[in-house]
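The values are calculated or read from the model by the stated rules, or taken from the named source; none is laboratory data. Since the structure is predicted, the reported quantities are computational estimates derived from the model, not experimental observations. FYI the Cβ positions are ideal-geometry reconstructions off the backbone, even for glycines, and counts take in every protein chain you see. The protein model used for the area step is the full one, side chains on, heavy atoms only, and it has no ligands, DNA or RNA in it. Shrake-Rupley method; radii C 1.70, N 1.55, O 1.52, S 1.80 Å.
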Amino acid sequence: IRGVERSRGLGDVYKRQVMHFVRPATFDALVPEQLPGRQRTWTYGSGVCELVAAALLSNRRTRSFGGLFSAALLLGVWPGNIYMARNYLTQQNPPRSPLAKTVAVARVPLQIPLIRGAWKIYRESPQ
């Protein structure tokens, strides 16, 4: 039951990522300028991947692969969280509130339990 609860929890996290499409500018700030292409393309692409992860985690038959997919996805977007935190702390324009800076910095270490949880789903779910 714990694995199911954990996968539902991660699934809920991903379902909230519909915001990639509702307010994409928020997520554009996570995309390092050094990546090729438009930031918006990366935003939409990661939103699609997160919705795929939610679908995989929601189905008992695909839950194990969903855990693996989620762990890889979370590792893949982690540099974006670091990039955003660094920018929020060092750039003066536009000005960021102390709360926005705190949230941006807190996201970086909070990825660790999400990655571990996704990996645990992969390992503990029936193949």
Legend entry - In degrees, nearest ten, helix 63-90 long axis to first principal axis of the chain (Cα): 10
Inset, instruction - Report the paramagnetic label zone for Lys120: residues of segment 60-96 whose backbone N is under 15 Å from a point 7 Å from Cα along the Cα-to-Cβ axis. - result: 67-68, 71
Legend entry - On Cα atoms only, tilt of 98-124 relative to the major axis of the chain in degrees: 20
Inset, instruction - Heavy atoms only, probe 1.4 Å: what % of the accessible area of the chain goes to carbon and sulfur, would you let me know? - result: 62
Legend entry - Gain on full stretching of the segment that runs from Gln92 to Asn59 - 0.36 nm per residue minus C-alpha separation: 7.4 nm
Legend entry - Lys, Arg +1 and Asp, Glu -1 on Cβ, resulting dipole of the chain about Cα centre, debye, nearest 20: 300
Inset, instruction - Working from Cα positions, state the angle (0 to 90°, nearest 10) between the long axis of helix 39-58 and the longest principal axis of the chain. - result: 20
Inset, instruction - Quote to one decimal, in nm, the extra length available between Lys101 and Val18 on full extension: 0.36 nm per residue of separation minus the C-alpha distance between them. - result: 27.6 nm
Inset, instruction - Grab the beta carbon distance between Ala29 and Ala72, set R0 = 30 Å, and tell me the FRET efficiency rounded to 0.05. - result: 0.85
Legend entry - Value of Rg/Rh across the chain [Cα atoms, Kirkwood radius]: 1.01
Legend entry - Surface per residue (accessible, 1.4 Å probe) for the chain, Å²: 63
